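Just below is one structure, and these are the notes that go with it.
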Amino acid sequence: MGAIEFESWDAVIDDIKALNAEPETLRVGLVFEDFGGGAVFAQANGNVSTYYVIVQELLKHLLSGGFICKVTLSTNERRELQVTERYVIENGNDITQMLS
């Protein structure tokens, strides 16, 4: 089983209910919670191998700010992403083009 966690800095989401209703976000059971002041958090355990799709869903709703996304795959491999409205960096590599 894997795990995924998103923690924001100064995040502005256009519609958090719509983000939580995105197909892959729903399937994984990920619920983004807005604590105000740009603090948004979400975490889930399960099959997170489609985390790129979840990041794409987040990008559709992210107006500004960003997230650190930590992923642990079922193989115990760990990935860390920096996600902003302008770029996505995974383990130091720019993967922005792959997700657009």
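The values are calculated or read from the model by the stated rules, or taken from the named source; none is laboratory data. Computed from a predicted structure; not experimentally measured. Cβ coordinates were reconstructed from backbone atoms using ideal geometry, including for glycine residues, and neighbour counts include every protein chain displayed. Surface accessibility is based on the protein's heavy atoms, side chains included, excluding ligands, DNA and RNA. Shrake-Rupley method; radii C 1.70, N 1.55, O 1.52, S 1.80 Å.
Numbers for the structure displayed
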item: Residues satisfying the stated conditions in segment 41-71, i.e. among the hydroxyl-bearing types (Ser, Thr, Tyr), under 13 Å from the mean Cα position of the chain (by Cα) and either over 17 Å from Val31 (Cβ atoms) or in a helix (DSSP H, G or I) (or both); result: Ser49, Tyr51, Tyr52
item: Scan of segment 14-54 for residues that are open to solvent by less than 50 Å² (accessible area, probe 1.4 Å) and either in contact with a Leu (Cβ under 6 Å, 6 or more places away or on another chain) or of a type in the set (S, T, N, Q) (or both), ordered by number; result: Asn20, Thr25, Phe32, Ala42, Ala44, Thr50
item: Complete set of residues in segment 66-89 that are open to solvent by 20 Å² or more (accessible area, probe 1.4 Å), of a type outside the set (S, T, N, Q) and touching a strand residue (DSSP E or B) at 6+ places or on another chain (Cβ under 8 Å); result: Ile68, Lys70, Leu73, Arg78, Arg79, Glu80, Glu85, Tyr87, Ile89
item: Filtered residues of segment 1-40 (kept if hydroxyl-bearing (Ser, Thr, Tyr) and either in a strand (DSSP E or B) or touching a residue at least 60 places away in the same chain (Cβ under 8 Å) (or both)); result: Ser8
item: Segment 90-100: number of residues that are open to solvent by 50 Å² or more (accessible area, probe 1.4 Å) and among the charged types (D, E, K, R); result: 1
